[in-house]
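K.L.:
Sending over a structure as structure tokens; questions will come in a sec.
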Amino acid sequence: MSIVRNLAGIAKGMSITFGEILEPTQVENYPDGKGPLRGAIFEQRFRGAHVLQRDENGLEKCVACFLCAAACPSNCIFIEAAENTEETRISSSERYAKVYNIDYNRCIFCGYCVEACPTDAITHGHGFELATLNATNLVIRKADMLLPVAALTAK
Ligand code: SF4
Ligand code: SF4
């Protein structure tokens, strides 16, 4: 009886296999596909490389409150705060992040920093081509993450 049941199981499995052979291929054509992502397709919630956002006036949303660094389980966010002045205004609040680094050697892309941020300054983008042979290149700096002003006007 068990032989019959096993054969029935194999036949069922093979019927699915042969049925799928005739279906169109479902794989993504990366890196030879079309578009800026070269064929890669992401869900909206995909947690890729971080982006530091600006507000509608082009000012940086980060107010250097350090909550993201405190929430980070990998302790991989380094921030140096500085004061805005009347002459030089970087963010809409009292302070801004003069230095904002994330060490991607340690980041686990958990999203806790994004959750903790009270101003929605730090977000996950869809950047994913982060591999490098030099670990130093994995310390991502503010200039690498900050949304360009041009991107704001293009929205
Ligand atoms: S995604 Fe997680 S590990 Fe990476 S910087 Fe944010 S809190 Fe830290
Ligand atoms: S990114 Fe957000 S949580 Fe982190 S220091 Fe800036 S404002 Fe605070």
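K.L.:
Eight or more residues apart or on different chains, and alpha-carbon atoms under 20 Å: count the Lys pairs in the chain matching that.
P.N.:
Close lysine pairs under the 20 Å cut-off: 4.
K.L.:
I would also like to ask the following. Multiplying the sequence separation of Cys110 and Ile21 by 0.36 nm and subtracting their Cα-Cα distance, what value in nm do you get?
P.N.:
Here the answer is 28.3 nm.
K.L.:
Which cross-chain or sequence-distant (5 or more) residues have an amide H under 5 Å from the amide H of Arg95, H modelled 1.01 Å from N in plane?
P.N.:
Close amide H contacts, sequence-distant or interchain: Asn84.
K.L.:
Distance in nm between label sites at Asn57 and Asn6, each 7 Å beyond Cα in the beta-carbon direction?
P.N.:
Inter-label distance under the simple model: 7.5 nm.
K.L.:
Moving to a separate point now. Under 4.7 Å Cβ to Cβ, no partner at all: give me those cysteines from the chain, in residue order.
P.N.:
Lone cysteines by the Cβ rule: Cys62, Cys65, Cys72, Cys76, Cys107, Cys110, Cys117.
K.L.:
Further, regarding this structure: Between helix 2-21 and the chain, what is the angle of the helix's C-alpha long axis to the longest principal axis, kept within 0 to 90° and rounded to the nearest 10?
P.N.:
60
K.L.:
Sticking with this structure for a sec: Rounded to the nearest 0.05, what FRET efficiency is calculated for Glu129 and Ala81 with R0 set to 30 Å and r the Cβ-Cβ distance?
P.N.:
Calculated transfer efficiency: 0.45.
K.L.:
Now a separate question. Pull up all non-local amide H partners of Tyr104: gap of 5 or more, or a different chain, and H-to-H distance under 5 Å with H placed in the peptide plane.
P.N.:
Amide H neighbours of Tyr104, under 5 Å, 5+ apart: Val139, Ile140.
K.L.:
Then there's this: Using +1 at the Cβ of each Lys and Arg and -1 at the Cβ of each Asp and Glu in the chain, identify which of Val27, Gly127, Tyr100 lies farthest towards the dipole's positive end.
P.N.:
Value computed over the given set: Val27.
K.L.:
Can you compute the charge dipole magnitude of segment 50-153 about its Cα centre, using +1 on each Lys and Arg Cβ and -1 on each Asp and Glu Cβ, nothing else charged? Give it in debye, rounded to the nearest 20.
P.N.:
Here the size comes out at about 240 debye.
K.L.:
Between Rg and the Kirkwood Rh of the chain, both from Cα atoms, what is the Rg to Rh ratio?
P.N.:
1.22
K.L.:
Separate question: Among Tyr112, Tyr100, which comes first, second and so on when ranked by fewest other beta-carbon atoms within 10 Å?
P.N.:
In increasing order of surrounding Cβ atoms, one gets Tyr112, Tyr100.
K.L.:
As a test of the formula, what do you get for the chain when each DSSP H run with n ≥ 4 contributes -39,500 (n - 2.57) and the sum is divided by the residue count, at 222 nm and rounded to the nearest 500 deg cm²/dmol?
P.N.:
After summing the helix terms and dividing by residue count, I get -6500 deg cm²/dmol.
FYI, it's all coordinate maths here, none of it is from the lab. Please read all numbers here as calculations on a predicted model, not as lab measurements. Positions of Cβ are backbone-derived with ideal geometry, glycine not excepted, and every protein chain shown enters the neighbour counts.
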